[in-house]
Amino acid sequence: MTLTIGVDVGGTKVAAGVVDDHGRILEKVRRPTPSTSPHETARVIAEVVDILRGRFGEVEAVGLGAAGFVDESRSTVLFAPNLAWRDEPIKKKVEGEVGLPVVVENDANATAWGEAKFGAGRGEDHMVLITLGTGIGGGLILGGELYRGRFGIGAEFGHYRVVPDGRRCGCGNRGCWEQYASGNALVAEARELARVSPALAGRLLELGDGRPEGISGPEITEAAREGDSAALECFRTVARWVGQGLADLAAILDPGAFVIGGGLSEAGDLLLDPARAAFQNALTGRGHRVFADIRIAELGPDAGIVGAADLARSR
Ligand SMILES: [Zn+2]
């Protein structure tokens with residue numbers, strides 16, 4: 001039995017866990033991310049590692065999953081939109097502080113690895129992970145290996161353009177998939193409906209305290225579960241974009257399974273049923289090929305910790 005520590009470094013929190021070789025988290029620690037200071041962020045990572053090591057002495061290595069672009073040598077965070085990291089040599093810094101080998105990986109890649117090894121992608125060598133949240137994160141397992149691309153920053157599916165000159169995206173381009181198929185896209189859809197057609201969106205507005213801005217993901221899911229037609233329409237709209245995007249990815253990658261995580265995945269079949277229908281309608285060569293399975297992720301928000309820890313084990 002070897003133990004490693006996985007650390008998920010996000011824009012708001014640093015979550016770390018001691019993980020065994022079956023992907024089980026034995027203990028977890030969380031701290032807020034001091035996101036404006038690269039130095040303080042490294043210090044908090046070292047702090048959570050030290051706390052966990054104090055309880056489980058025999059830790060072998062540390063895996064960091066970071067919300068940003070990680071270079072191909074898995075040492076440096078090139079750019080992190082929600083952290084102050086720019087060309088941050090985080091591997092060297094944390095190794096210097098904790099005295100253990102450190103592996104750095106993009107957080108969605110770490111999540112994909114966790115799901116492929118211990119979660120919904122078990123036994124599937126060709127798997128695409130999509131997280132639908134604020135934006136869209138992606139990770140790719142090809143032939144049983146994590147695919148990083150030549151420069152370490154592949155599988156950014158959220159930013160492939162689905163609408164020429166479409167909605168603006170935080171990345172600087174227009175028409176990116178995540179502007180149409182993410183959790184934020186669902187909320188934008190519902191708020192727009194509530195503004196333009198308040199009579200149709202009565203139940204959504206009621207759940208949102210009477211204001212379009214009061215409507216967020218959980219309210220839309222609740223209304224849809226009750227059978228509210230406006231909420232269901234919002235889900236259908238976003239799910240069509242999800243299914244269409246997965247069909248395009250299948251045309252390129254031909255995976256065995258798509259594993260869907262992130263906040264929006266908590267809606268389960270409300271999302272998956274229309275997404276599957278859209279996928280099967282849009283897939284090239286349909287009728288003459290196997291439909292890839294589309295399923296919900298199993299490890300939840302801990303997948304990044306589990307995946308990063310396992311990548312550190314097999315470094
Ligand atoms: Zn974009």
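All of the numbers you see were taken from the coordinates with simple rules; none came from a lab. Since the model is a prediction, treat every value here as computed from it, not as a measurement. Here Cβ is always computed from backbone atoms with ideal geometry, including for glycine, and neighbour counts include all displayed protein chains.
The trypsin sites (Lys or Arg not before Pro) of segment 20-94 that DSSP puts in a loop, and whose beta carbon has at most 13 other beta carbons within 10 Å, are ARG24. Between ARG289 and ASP165, the modelled label-to-label distance comes to 3.1 nm, taking each label 7 Å out from Cα in the direction of the beta carbon. Seen against the Cα atoms of the chain and their longest principal axis, helix 303-313 is set at about 30 degrees.
Sorting TYR180, TYR147 from the fewest to the most surrounding beta carbons within 10 angstrom yields TYR147, TYR180. Computed 3J(HN,Hα) for segment 252-268, one whole-Hz value per residue from the Karplus formula 6.51 cos²θ - 1.76 cosθ + 1.60 where θ = phi - 60°, is 8, 9, 6, x, x, 8, 9, 10, 9, x, x, x, 5, 5, 5, 6, x, glycine and proline marked x. The chymotrypsin sites (Phe, Trp or Tyr not before Pro) of segment 209-315 that meet both conditions, a loop assignment by DSSP and at most 15 other Cβ atoms within 10 Å of the site Cβ, are PHE291. The modelled label-to-label distance between SER73 and ALA277, using points 7 Å beyond Cα along the C-beta direction, is 5.2 nm. Of GLU178, GLU298, GLU97, the residue with the greatest mean-square motion in the GNM of the chain, using alpha carbon springs below 10 Å, is GLU97.
The alpha-carbon of LYS91 sits under 19 angstrom from the alpha-carbons of these aspartates and glutamates, leaving out residues fewer than 8 places away in its chain: ASP8, GLU40, GLU47, ASP50, GLU60, ASP71, GLU72, GLU105, ASP107, ASP310. Remark: spin-label model distance GLU222-ALA199 equals 2.6 nm, labels positioned 7 Å along the Cα→Cβ axis. About its Cα centre, segment 43-177 has a charge dipole of approximately 420 debye under the convention of +1 per Lys or Arg Cβ and -1 per Asp or Glu Cβ, with nothing else charged.
For the options PRO274, PRO255, PRO164, a Gaussian network treatment of the chain with springs between C-alpha atoms closer than 10 Å singles out PRO164 as fluctuating the most.
Here segment 1-122 is treated as a Stokes sphere of Kirkwood radius computed over C-alpha pairs; at 25 °C and 0.890 mPa s its diffusion coefficient rounds to 173 µm²/s.
Of interest is the spacing of the C-alpha centroids, which for segment 73-139 and segment 177-253 amounts to 29 Å. The Cα atoms of the chain define a convex hull whose projected area, averaged across directions, is 16.6 nm². As a proxy for reagent exposure, ranking LEU249, LEU311 by other Cβ atoms within 10 Å from fewest up yields LEU249, LEU311.
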